[in-house]
1. For the range 1-77, please list each of the helices (runs of 4 or more DSSP H) lying entirely inside it that holds at least 3 residues being over 19 Å from residue 124 (Cα atoms), touching a residue at least 12 places away in the same chain (Cβ under 8 Å) and not assigned by TED's automatic domain parsing to the domain that holds residue 90.
2. If you go through the range 2-31, how many residues are hydroxyl-bearing (Ser, Thr, Tyr) and either touching a Gly at 6+ places or on another chain (Cβ under 6 Å) or closer than 19 Å to residue 66 by Cβ (or both)?
3. Checking the structure you have, find out if any residue of the range 99-111 is surrounded by 15 or more Cβ atoms within 10 Å (Cβ to Cβ), part of a loop (DSSP other than H, G, I, E, B), free of Cβ contacts under 8 Å to residues at least 40 places away in the same chain and of a type outside the set (Val, Ile, Thr).
4. If residue 92 meets every condition in (1) at pLDDT 90 or above; (2) assigned to a strand (DSSP E or B) apart from one, which number is that one?
5. Kindly indicate whether residue 126 is under 22 Å from residue 5 (Cα atoms), modelled with pLDDT under 85, of a type in the set (Phe, Trp, Tyr) and outside any helix (DSSP H, G or I).
6. Is at least one residue of the range 95-106 touching a helix residue (DSSP H, G or I) at 6+ places or on another chain (Cβ under 7 Å) and of a type in the set (Gly, Ala, Ser)?
7. Scan (1) of a type in the set (A, V, I, L, M, F, W, C); (2) touching a Leu at 6+ places or on another chain (Cβ under 9 Å); (3) modelled with pLDDT under 85 for the single condition residue 105 breaks and write down its number.
8. Return yes when residue 85 is among the polar types (S, T, N, Q), loosely packed, with under 11 Cβ neighbours inside 10 Å and within 30 Å of residue 105 (Cα to Cα) and no when it is not.
Amino acid sequence: MLLKMNIKPDEICAVIADDYFYPSGLNLELATRAILNDHFKRLAVASFLQINSKASNMLQLTDLLLGAVIYDLKLTEGAIKPYRNYKKQILDFLLAQFKISNSFFVDEKGNKRVSFLKDKFKISIFKGKQKEALSSEIPK
């Protein structure tokens, strides 16, 4: 779903993903490429590579950014109380860089929001319906 929502109509991309468990005998790379290319009815994903995130600085950085954004969401939803940690420090840095006073999930007027986009930095909360749509396409 994440890829479906972020691949532009005229874009061909290469996907680099963390090494996730996938059932024996099935190939996540081939299945994902087939699902996405079929969805777009064209070549949208040219290649798909799974690597262990500990072996890649790029994926390590992605994990750090994702951790900070999820920390922000948990704070906004009241799931946790604020405490000083590395996620909070990274979150504070990101909010300062984007000149956001409160949260990625709260706008300037104090209203909750489900997405944020600025300078190619995109955050989206996916709805359950979207998740169900994707799971119906995954091969058994």
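The values are calculated or read from the model by the stated rules, or taken from the named source; none is laboratory data. All values derive from a computational prediction rather than experimental measurement. Positions of Cβ are generated from backbone atoms using ideal geometry, with glycine treated the same way; all protein chains shown enter the neighbour counts.
1. Where helices (runs of 4 or more DSSP H) fall fully within the range 1-77 and carry at least 3 residues being over 19 Å from residue 124 (Cα atoms), touching a residue at least 12 places away in the same chain (Cβ under 8 Å) and not assigned by TED's automatic domain parsing to the domain that holds residue 90, they are 28-40.
2. Going through the range 2-31 one residue at a time, the tally reaches 1.
3. Within the range 99-111, one or more residues are surrounded by 15 or more Cβ atoms within 10 Å (Cβ to Cβ), part of a loop (DSSP other than H, G, I, E, B), free of Cβ contacts under 8 Å to residues at least 40 places away in the same chain and of a type outside the set (Val, Ile, Thr).
4. With respect to (1) at pLDDT 90 or above; (2) assigned to a strand (DSSP E or B), residue 92 is out only on (2).
5. So residue 126 passes the test.
6. Yes: the range 95-106 contains one or more residues that are touching a helix residue (DSSP H, G or I) at 6+ places or on another chain (Cβ under 7 Å) and of a type in the set (Gly, Ala, Ser).
7. It is condition (3) that residue 105 fails.
8. For residue 85, the condition - among the polar types (S, T, N, Q), loosely packed, with under 11 Cβ neighbours inside 10 Å and within 30 Å of residue 105 (Cα to Cα) - is not met.
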